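One structure is given below, encoded as structure tokens.
The values are calculated or read from the model by the stated rules, or taken from the named source; none is laboratory data. Everything numeric here is computed off the predicted structure, so don't read it as measured data. No Cβ is skipped: glycine too gets one built from the backbone with ideal geometry, and neighbour counts run over all protein chains shown. Quick note on the areas: whole protein, heavy atoms, side chains included, nothing else; ligands and nucleic acids left out. Shrake-Rupley method; radii C 1.70, N 1.55, O 1.52, S 1.80 Å.
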Amino acid sequence: MPREILDFERPIIELEEAIAELKQAGDPQYRDRIQAYHKKLKRLYTETFSNLSAWQRTRLARHKDRPYTLDYISQITSKFVELHGDRYFRDDPAVVAGLAVFRGRKVVIVGQQKGRDVNERIFRNFGMSNPEGYRKALRAMKLAEKFKKPVVCFVDTPAAYPGIGAEERGQAEAIARNLYEMSILKTPILVVVTGEGGSGGALGIGVGDRILMQENAIYSVIPPEGCAAILFRDGKRGPEAAEALKITSVELKRLGIIDEIVKEPVGGAHRDPALAASILADSIQSSLDEICGLGLDELLDRRFKKFRAMGCFVERKHKKKKSSPKTVR
Amino acid sequence: MWFKKRKGIQRPATGMKIEMPDGMWLKCPGCGELVYRREVQDNLKVCPKCNYHFKLTAPERCHLIFDNGEYTEVDTELYPTDPLKFVDSKKYRDRLKEHQAKTNMADAVLNARGKIGGWSVMVSVMDFRFMGGSMGSVVGEKVTRAFERAGKENIPMITIASTGGARMQEGMLSLMQMAKTSQAAARFGLTGNLFVSVLADPSTAGVMASFAMLGDIIVAEPKALVGFAGPRVIKETIGEELPEGFQSAEFVQEHGFIDIVVERKHLKQVLGDLLTFFAPDKSTAPDETAQEAASTAQEAHVTTKADD
């Protein structure tokens, strides 16, 4: 039984429950009704999920039942050993890091982790890392580099934590350092955006050779509500901002920000976590096969070119601006 | 001088909406006192009462730090577009045109090559007037090109940040400029040349969490707001008042993330000293005329059309 039912999920879930009830009754006279309901259910699924708005996807990406990093780790890897601490300050539970075997391949895993129930949510700080989380991630990645293991990053965070301690311990520096180091890290890095890609907080573990994004995940420069509060002067206009910011997997594939969209079960990853994990695992495997097959020079060169090319601008023929400062050489 | 040619900028280009009906007085955002505008301008746009450093435009900053205020602007061919067709209360396209007209800049950063203390350097200076000094594709590309050029020419790189972060109107393309510029800083670092990052008020968010925090040396102007999240966001998140002086340059220095807090009047000298210290030992020292020029320029002050 899901803990959270979104408004656009409700008709489907109610119908599913009705079918289950009828089936349980086991009375042959309901057979026609069950069949009709199934037809209706199929239609509802198509109507609801074939054309989700950016805001609906945002709500799926934040769904309380959506599989989180540790769920994927336990489903698709074996022998996971979690590593703790940044060796400077403390262990940040909003980020998990560790060693695992993924389909016979040893990998280092880094990912943001949200909590399921109230207590765990608080413990994980709602998936919002402090600087020590980014530093722990970097420590794990440096370990991967030293021992020539690929890194898999699971991105799922609303944002880097905006708190007093986070500022005092250099949140900006921690993220910047990760961007710097990840851009030249001498081992393959695969990034998977599984839920919320919340701005710099997400990018802090989001530089890699290949960027995968689950179908209903979002990735945004600012949370839609935040953007609405600033630009539309009304935080409730999040749905509009979500549309305008182009944060869905389809839009980001088109913009060249991500490399591949990973399909989810119909209705979202939370409707069938096991299936979601197995689809994701297939994509991770083929991506790892590809990037781990490259020589180090080619790998780093491709990573460089990938991020070097990001951006959209025009180059106009140079014309001397009237008021530009005098050139003195 | 270049500033005498500039027309159309009526206010002292601080990037803030300061109402000055008669042009005589300014309200200082630092101390809230009314100060004589001429006095502020003659003081490198620093409040004579509380030492608040008013925002400078990118050309003003260049004038302040380069020898004799002379420099060559580069990468002027880059212009922003509207990849998302973004509309809020205005079309992004129109917003860009407005800011281009207001600032006479193509986007929020100016790339310049020139000499400081006789040493050749590449400088990327952000301008807060242009959409809050926000970083979109053009800013990211220009900062990246400046790093690449400096690397190729084997000269030091200086960035001066004055920014509210990534530009929302270009969405994820803006966020990716953080990765792009940090990567440029990393590659530049491998060339063994010096990178000095100067933080002016305000230096926050996406720019801080990328190249601006990656300097070999990080310098900040006094009392500049320096941080990742904005104070309002933090206050809303934690639901309590922020400590006095939180996120000021001095506070951040105390916590170990800024090397030197430098008053504006000493900035050029400090940059020159850093360039000299980190210059390769076998390289020739700048000639004496250049050094003289440096000290003369030190005395020059930033001014505007209204001063004429």
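Contact-buried residues of the stretch B:39-75, at a threshold of 10 Å² lost accessible area versus the chain by itself: B:70, B:71, B:72, B:73 (1.4 Å probe; DNA, RNA and ligands ignored). One compactness figure for chain A is 1.12, namely its Cα radius of gyration divided by 2.2 N^0.38 Å.
Quick one: which bits of the stretch B:166-187 get at least 40 Å² less accessible when the partner protein chains are in, versus the chain alone, with a 1.4 Å probe? Correct list: B:168, B:172, B:173, B:175, B:176, B:179, B:180, B:183, B:186, B:187. Based on protein heavy atoms only, chain A ends up with 45 Å² per residue of surface accessible to a 1.4 Å probe. For the stretch B:70-90 versus the stretch A:29-78, the spacing of their alpha-carbon centroids is 42 Å.
Between residue A:89 and residue A:51, the modelled labels are 4.8 nm apart [label points 7 Å from Cα along Cα→Cβ].
The mean number of Cβ atoms from other chains found within 10 Å of a Cβ in peptide B:112-118 is 1, as a whole number.
Shielding value for A:218-224 is 5, the average number of Cβ atoms from other chains within 10 Å of each residue's Cβ. Put B:270, A:96 in order of accessible area, highest first, and with a 1.4 Å probe you get B:270, A:96.
Sequentially through the stretch B:198-211, phi angles give Karplus couplings (6.51, -1.76, 1.60; θ = phi - 60°) of 9, 10, 10, 6, x, 10, 9, 6, x, 6, 5, 7, 9, 4 Hz, Gly and Pro residues having no value and appearing as x. Solvent exposure of the stretch B:168-236 amounts to 21 Å² per residue of accessible area, where only protein heavy atoms count and the probe is 1.4 Å. Taking every DSSP bridge with both residues inside chain A, close to 40 percent are antiparallel.
A crude spin-label estimate for the pair residue A:118 and residue B:102, with each label 7 Å from Cα along the Cβ direction, gives 4.7 nm.
Surface composition of the protein assembly as shown: carbon and sulfur make up 52 percent of the accessible area, probe 1.4 Å.
For the stretch A:190-236 and the stretch B:176-221, write down the distance between their C-alpha centroids in whole Å. One Cα centre to the other: 22 Å. Computed with a 1.4 Å probe on the full set of protein chains, the accessible area for residue A:106 sits at about 130 Å². For the segment A:178-187, counting C-beta atoms of other chains within 10 Å of every residue's C-beta and taking the mean gives 5. What share of the DSSP beta bridges in the stretch A:157-301 is antiparallel, in percent to the nearest 5? Counting only bridges with both partners in the stretch A:157-301, antiparallel ones make up about 10 percent.
Once the C-beta distance of residue A:82 and residue B:154 is scaled by a Förster radius of 35 Å, the resulting FRET efficiency is 0.20 to the nearest 0.05. Shape of the stretch A:175-329 from its Cα gyration tensor (a ≥ b ≥ c, root eigenvalues): rounded if a/c is under 1.5, otherwise prolate when a/b > b/c, or oblate? Note, shape of the stretch A:175-329 comes out oblate.
For the chain pair B and A, the buried solvent-accessible surface (1.4 Å probe, both sides summed) amounts to about 5900 Å². Modelled this way, with points 7 Å down the Cα-to-C-beta line, the labels at residue A:64 and residue A:254 are 3.4 nm from one another. Most simply put, the stretch B:55-307 has about 45% antiparallel DSSP beta bridges, counting only bridges with both residues inside it.
I'd like the FRET efficiency for residue A:3 and residue B:241, computed as 1/(1 + (r/R0)^6) with the beta carbon distance as r and R0 of 35 Å, rounded to 0.05. List each step's numbers first, then the result.
Working: r = 35 Å, r/R0 = 1.01.
After rounding, the FRET efficiency stands at 0.50.
In deg cm²/dmol and to the nearest 500, what is the mean residue ellipticity at 222 nm of the protein assembly as shown if only DSSP H runs of at least 4 residues count, each as -39500 (n - 2.57), divided by the residue total? Could you put the intermediate results ahead of the total?
On the way: 25 runs with 264 residues, N = 637.
After summing the helix terms and dividing by residue count, I get -12500 deg cm²/dmol.
Three principal axis extents of the protein assembly as shown based on alpha-carbon atoms, in descending order, are 99, 56, 50 Å.
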